[in-house]
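Colleague: Structure below; questions to follow.
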Amino acid sequence: MSALTLSSSSAATLRADAVVVGVAKGPEGPVVAPGGETLDQAFGGGLAAALETLGASGGEGEVTKLPAPDGVKADLVLAVGLGDVPAGDGAYDPEALRRAAGAAARALAGRKKAGFALPTGDEASFAAVCEGALLGAYAFTAYRGKSDKNAKDAKDGKGAKGRGRAGKGGDGDAGAPLAEVTVLGAKPRDKAHKAAAERAEVLAAEVNRARDLVNTPSNDLFPKSFAAAVQSAAKEHGLTVEVLDEKALAKGGYGGILGVGRGSANPPRLVRLSYTHSRAKKTLALVGKGITYDSGGISLKPAGHNETMKCDMSGAAAVFAAVVAAARLGLRVNVTGWLALAENMPSGTATRPGDVLTMYSGKTVEVLNTDAEGRLVLADALTRACEEKPDAVVDVATLTGAMMLALGSRTFGVMANDDAFRTAVHELATEAGEPSWPMPLPAHLRKGMDSPIADIANMGERMGGGLVAGLFLKEFVPEGTTWAHLDIAGPAFNESGPFGYTPKGGTGCAVRTLVRLAERAAAGDVV
C-alpha cells in the first residue's frame, strides 16, 4: 500500500513529482479551493483561468494536468474537481473530498510522491482526503509481470495474501500505485491529525485486503485457501480463529453449507474469527457469504453470467477485513466474524433442485433453485453466530440480482428486524461514504416460501426477490436478536471503469460501514 505522510509545507514548496489542488464549480467558472493559494500565486493569480482554458469546469472527479510554473518545486500540478462550491462558508462534503483525492491518486499511478493540497480545514475533511488518496492508490498486480517469480507467486495463490496491495510504485510502471501520499496543511505532531492518518491507513489496508481477495481468481482462492489466509492474518494480529472442515461441518449438522459445497472438489469451510477487548461492553457478530465461485450449481447460470462469479465471496472478505481492522484500531468492542465458505459447482454429488436439506438450526429447507445458495450458507452461519448471544448480528452478502435491479450497481440494500437498527446502519454507511438504502421486509412475501414437504423453501415470489431472500434469512435469527442484512450484490464488484477512489473489479464494499458500526458500538451509540 502507498505510504502516507503529513506535511505543513505549502503546495508550492513541497518537493514531489506532483501536487494536487482542488478546483470547484463556481457560478462564473472554476474556483481554486482552499489549500491551493500558493499555487494560484505561482500562476500569477491565473490558475483558475488556465484551467478554464484547458476545459476544466470543477465538476466532480474531473482531472486536469498542468506543468508546474516557476516557484513550484513539484514538476506537475494536477487539478481535481470537487463539484459545486459550497453555499456560504460551508465546508466541502467529506465524500466529495474522498472521491477527489482518490481520482487524483489514480491519475498519478507510477509516480513516487504527490502532495495533496485539498481543503482540510476540519478533522472530517482531513480524514477524508487521507482515506480517499490511499483508497485510490490501489492496483491488483499479483498476476502481472514477466518474471518467473511473479508467475510462480500467482500460481501459488499469493495474490490472496495481498501482493496486489504491495506494489511499490515510483519505478516508472504506470500500473503500480502512487508510492507516497503527502497530505499538506497538516500538523504531523498534532494528535488529531496523527490519529486520523493512522485510522485512514488501517481502513485503506483492510479495504485493499478485501479487494485483493475478491480479485483473486477462484482456482487460487477456494474455501481451504481462504481459510488459510484468515489463519495467517489471525496469527499476525493476535486474533482467535477456528476452522470447521467438511468433517466437522458434517458432525455439527451444518446442512446448508455442506449442501451448497458438496458438488465441488473443494470442500466447504466455516471460519470463526474473533477479536476481543478486555474493556468491551458490547459484542458484534458479523456473518459473511463466502461462495468462492458460483456456477449456479445444477441450476446453472446462463452464458454471460459466470465470468465475474469469483466475486461471490465479497461478503466474507468484508467481514474478514472488518474484524482485522477492529483489532488494529484497538476498538473497545468484541467482534466475531463468521465466514461461510463454499464453492457452488454442478457434479454428480451436487445438491439437486427438489432436494431437502436439514439446516444447523434443525429446520428443513426444500431447495427449489441451487443458484439461491448464498442464503443457505448464511442461514447456518447466522444460527451459529446467534448462539453466542451477541448484542447485534449483521450479515453481508452478494445475495441477489434483484437488489441490483432495485438499487443499481453502486448502492447496497439494508434490511433488518428492527427499524431503528436498520436506520442506524444506513446512516453509518452514509458517514463512511458507502451508498446504501433501507429496504422493507414485507410479511406477505413470506407465504411464497411455503413448502409442501419442508419447513421452508429457498425460493419465493419472483418480484421482490431481494426482500424474499432477506425474509428467508430472518427465519434463522432467533426472536429478540437484533439483526441487519446487507445485500451488496451491486457495489461489491465494479465491472465498469474506475471512478473516484473505486477501482475496477473488487471494491471492498461494506468494510468501512462495518468498521464504523464497530466504532459506534464501542462508544455505546448503536447497540
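Colleague: Each residue of segment 398-412 in order: what ³J(HN,Hα) in whole Hz does its phi give by Karplus 6.51 cos²θ - 1.76 cosθ + 1.60, θ = phi - 60°, with x for Gly and Pro?
Modeller: Values, residue by residue: 7, 8, 9, x, 4, 5, 5, 5, 6, 10, x, 9, 10, 10, 9 Hz.
Colleague: With charges only on Cβ, +1 for K and R and -1 for D and E, what is the dipole size of segment 271-317 about its Cα centre, in debye, rounded to 20? Don't skip to the answer; put the middle values down first.
Modeller: Values: 7 positive and 3 negative charges, 98 e Å.
For this selection, approximately 480 debye.
Colleague: Listed here are the pairs Lys389/Lys504; Lys301/Lys389; Lys301/Lys504; Lys113/Lys289; Lys73/Lys187; which of them are more than 32 Å apart at the Cα?
Modeller: Numbers: Lys389/Lys504 38 Å; Lys301/Lys389 37 Å; Lys301/Lys504 23 Å; Lys113/Lys289 38 Å; Lys73/Lys187 20 Å.
Going by Cα-Cα distance, Lys389/Lys504; Lys301/Lys389; Lys113/Lys289 fall outside the 32 Å limit.
Colleague: Expressed as a rounded percentage, what relative contact order does segment 467-527 have, with Cα pairs under 8 Å and six or more residues apart? Walk me through the numbers on the way to the answer.
Modeller: Values: 29 pairs, mean separation 11.7, N = 61.
It comes to 19 percent, rounded to a whole number.
Colleague: Now a separate question. Given a Förster distance of 35 Å, report the FRET efficiency between Asp75 and Lys191 from their Cβ-Cβ distance, rounded to the nearest 0.05. Please list the in-between numbers first.
Modeller: Numbers: r = 34 Å, r/R0 = 0.96.
That gives a FRET efficiency of 0.55.
Colleague: OK, next. Just round it to a whole percent: the fraction of Cα-Cα distances in the chain exceeding 35 Å.
Modeller: More than 35 Å apart: 35 percent of the Cα pairs in the chain.
Colleague: Using only the heavy atoms of the protein chains and a 1.4 Å probe, how would Asp212, Asp371 rank by accessible area, largest first? Please list the in-between numbers first.
Modeller: Working: Asp212 0, Asp371 50 Å².
Listed by decreasing accessible area, they come as Asp371, Asp212.
Colleague: If Met345, Met415, Met439, Met463 are ordered by their accessible area, calculated over protein heavy atoms with a 1.4 Å probe, which sequence runs from highest to lowest? Each step should come with its number before you reach the end.
Modeller: On the way: Met345 60, Met415 0, Met439 25, Met463 135 Å².
So, going from the largest accessible area down, we get Met463, Met345, Met439, Met415.
Colleague: Please enumerate, by chain and number, the aspartates and glutamates with C-alpha under 12 Å from the C-alpha of Lys247, excluding those fewer than 8 residues away in the same chain.
Modeller: Answer for Lys247, where 12 Å is the Cα cut-off: none of the aspartates and glutamates qualify.
Colleague: What whole-number value in Å² describes the accessible area per residue of segment 1-71 for a 1.4 Å probe?
Modeller: On the way: 3260 Å² over 71 residues.
Averaged over the residues of segment 1-71, the accessible area is 46 Å².
Colleague: Determine, from the Cβ-Cβ distance of Lys281 and Thr53 and an R0 of 60 Å, the FRET efficiency 1/(1 + (r/R0)^6), rounded to the nearest 0.05. Intermediate results must be reported in sequence, preceding the final value.
Modeller: Working: r = 59 Å, r/R0 = 0.98.
According to the calculation, E is roughly 0.55.
Colleague: Taking amide H positions as placed in the peptide plane 1.01 Å from N, state which residues far from Asn494 in sequence (5 or more) or on other chains have amide H under 5 Å from it.
Modeller: It is Gly505, Gly506, Thr507, by chain and number.
Colleague: In the neighborhood of Gly185, defined by Cβ-to-Cβ distances under 12 Å, what is the net charge if each Lys or Arg adds +1 and each Asp or Glu adds -1? Write down the numbers at each step before the final one.
Modeller: Working: positive: Lys187; negative: Glu37, Asp122, Asp190.
Overall, the nearby charge balance is -2.
Colleague: To check you understand DSSP bridge types, tell me what percent of the beta bridges within the chain (both residues inside) are antiparallel, rounded to 5.
Modeller: Details: 31 of 77 bridges.
Counting DSSP beta bridges with both partners in the chain, the antiparallel share is about 40 percent.
Colleague: What accessible area, in Å² to the nearest ten, does a 1.4 Å probe give for Glu434?
Modeller: Per-residue accessible area (Glu434): approximately 10 Å².
Colleague: Roughly how tilted is helix 123-136, in degrees to the nearest 10 and between 0 and 90, from the longest Cα axis of the chain?
Modeller: 70 degrees
Colleague: Scan around Lys301 for amide H atoms under 5 Å from its own, H built in the peptide plane at 1.01 Å from N, and keep only partners 5 or more places away or cross-chain.
Modeller: Placed amide hydrogens put Gly296 under 5 Å from Lys301.
Colleague: Applying the Karplus parametrisation 6.51 cos²θ - 1.76 cosθ + 1.60 with θ = phi - 60° to the phi angles of segment 254-262, what ³J(HN,Hα) value in whole Hz is obtained for each residue in order, glycine and proline being reported as x?
Modeller: 7, x, x, 5, 5, x, 6, x, 6
Colleague: Can you flag which of Lys251/Lys282; Lys235/Lys281; Lys235/Lys474 are past 29 Å Cα-Cα? Please list the in-between numbers first.
Modeller: Numbers: Lys251/Lys282 31 Å; Lys235/Lys281 25 Å; Lys235/Lys474 34 Å.
Cα-Cα > 29 Å for Lys251/Lys282; Lys235/Lys474; rest within.
Colleague: Which loop-located trypsin sites (Lys or Arg not before Pro) does segment 1-85 contain, where loop means any DSSP state but H, G, I, E or B and the Cβ has at most 13 other Cβ atoms within 10 Å?
Modeller: Arg15
Colleague: A further question on this structure: So if I place +1 on the C-beta of Lys and Arg and -1 on the C-beta of Asp and Glu, and nothing else carries charge, what would the dipole magnitude of segment 1-63 be about its Cα centre? I want it in debye, nearest 20.
Modeller: Numbers: 2 positive and 7 negative charges, 37 e Å.
I would put it at about 180 debye.
Colleague: How much solvent-accessible surface does Trp437 expose, in Å² to the nearest 10, with a 1.4 Å probe and all protein chains in place?
Modeller: Roughly 140 Å² of Trp437 is accessible to a 1.4 Å probe.
Colleague: Rank these residues by their accessible area, most exposed first, probe 1.4 Å: His444, His426, His305. Can you show the working numbers first?
Modeller: Values: His444 130, His426 35, His305 110 Å².
So the residues, ranked largest to smallest area, are His444, His305, His426.
Colleague: Hey, another quick one. Can you give the helix-only mean residue ellipticity at 222 nm for the chain, where every DSSP H stretch with n ≥ 4 adds -39500 (n - 2.57) and the sum goes over all residues, rounded to the nearest 500 deg cm²/dmol?
Modeller: On the way: 15 runs with 175 residues, N = 527.
The helix contribution divided over the chain gives -10000 deg cm²/dmol.
Colleague: While we're here: Hey, what angle do you get for helix 223-237 against the long axis of the chain, alpha-carbon based, 0 to 90 degrees rounded to 10?
Modeller: Value to nearest ten degrees: 50.
Colleague: Per residue of segment 292-305, what does 6.51 cos²θ - 1.76 cosθ + 1.60 with θ = phi - 60° give for ³J(HN,Hα)? Whole Hz please, x for Gly and Pro, Karplus curve as stated.
Modeller: 5, 7, 10, 7, x, x, 4, 7, 4, 5, x, 4, x, 10
Colleague: Let me ask something else about it. Would you tell me the accessible area of His277, worked out with a 1.4 angstrom probe on the heavy atoms of the protein chains, in Å² to the nearest 10?
Modeller: Approximately 50 Å² of His277 is accessible to the 1.4 Å probe.
Colleague: Could you tally the net charge around Leu108, taking each other residue with its Cβ under 11 Å from the Cβ of Leu108, Lys/Arg +1 and Asp/Glu -1? Walk me through the numbers on the way to the answer.
Modeller: Details: positive: Lys65, Arg106, Arg111, Lys112, Lys113; negative: Asp17, Glu180.
So the surrounding residues net to +3.
Colleague: With angles folded into 0 to 90 degrees, how steeply does helix 191-215 sit against the dominant principal axis of the chain? Use alpha carbons for both and round to 10.
Modeller: Helix 191-215 and the main axis of the chain meet at about 50 degrees.
Colleague: How big is the charge dipole of the chain about its Cα centre, in debye rounded to the nearest 20, if each Lys and Arg gets +1 on its Cβ and each Asp and Glu gets -1 on its Cβ? Don't skip to the answer; put the middle values down first.
Modeller: Values: 57 positive and 59 negative charges, 319 e Å.
For the chain, the charge dipole is close to 1540 debye.
Colleague: Computed from the mean reciprocal separation of all distinct C-alpha pairs, what Kirkwood hydrodynamic radius does segment 473-512 have, in Å?
Modeller: Values: mean 1/r = 0.0809 Å⁻¹.
One decimal place: 12.4 Å for the Kirkwood radius.
The values are calculated or read from the model by the stated rules, or taken from the named source; none is laboratory data. Keep in mind that what you see is a predicted model, and the values were worked out from it rather than measured. Cβ atoms come from the backbone with ideal geometry, glycine included; neighbour counts cover every protein chain shown. Quick note on the areas: whole protein, heavy atoms, side chains included, nothing else; ligands and nucleic acids left out. Shrake-Rupley method; radii C 1.70, N 1.55, O 1.52, S 1.80 Å.
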